[in-house]
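All remarks here apply to the structure that follows.
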């Protein structure tokens, strides 16, 4: 059975302090200020145990600092993905999801439940080998890759209840 990587007790999770230092250094490199709003967004993002959207992040960040604006969240998310603090996940619904990046650079594959949009991640160490092998055969060098499977919830299809829908 696939289970979501939830970060609880996950040794692959980047330490909060190290990630904060990395993000602050990235902002300085870009000539951007480290503001209380950006730090609230950062803290809210790294405290998430599941994938989240920009709007969900806005709610969590406002709980930490009520002066955080929607615009600041939408401007900060690309900075957090560019600095490799967050990973962006697109499941084809038009809305992007985010998750704190892991520190071990392990390739992951996503399995998305089409019944509840729950995103499960599984380790997929074969992806690096496969991407390199097929790219080199074509005279190319891979720069990014992803594996995403859309799946139906067997429990939902048989009983009308998706066990993951409660967590959405």
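The values are calculated or read from the model by the stated rules, or taken from the named source; none is laboratory data. As the structure is a prediction and not an experimental result, all values here were calculated from the model. Here the Cβ positions follow ideal geometry from the backbone for every residue, glycine too, while neighbour counts run over all protein chains shown.
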Item to check | the stretch 23-55, residues that are assigned to a helix (DSSP H, G or I) and closer than 30 Å to residue 116 by Cα | outcome: 40, 41, 42, 43, 44, 45, 46, 54, 55
Checklist entry - In the stretch 56-168, which strands (runs of 3 or more DSSP E) lie fully inside it and hold 3 or more residues that are within 19 Å of the chain's Cα centre (by Cα) and more than 25 Å from residue 15 (Cα to Cα)? => result 108-113, 147-151
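Residues are listed down the side, and each one gets a yes or a no for (1) under 30 Å from residue 129 (Cβ atoms); (2) in the same structural domain as residue 148 (by TED's automatic domain parsing); (3) in contact with a helix residue (DSSP H, G or I) (Cβ under 6 Å, 6 or more places away or on another chain):
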position: 23; (1), (2), (3): no, no, yes
position: 29; (1), (2), (3): no, no, no
position: 35; (1), (2), (3): no, no, no
position: 38; (1), (2), (3): no, no, yes
position: 69; (1), (2), (3): no, no, no
position: 83; (1), (2), (3): yes, no, yes
position: 92; (1), (2), (3): yes, no, no
Checklist entry - Yes or no: residue 124 closer than 30 Å to residue 21 by Cβ and assigned by TED's automatic domain parsing to the domain that holds residue 35? => result no
Checklist outcome for this item: Going through the stretch 141-151 in order, the residues found to be over 18 Å from residue 97 (Cα atoms) and surrounded by 11 or more Cβ atoms within 10 Å (Cβ to Cβ) are 142
Checklist outcome for this item: By residue number, the members of the stretch 56-107 that are in contact (Cβ under 8 Å) with a residue 40 or more places away in the chain, more than 22 Å from residue 33 (Cα to Cα) and surrounded by fewer than 16 Cβ atoms within 10 Å (Cβ to Cβ) are 92, 95, 96, 103, 104, 106
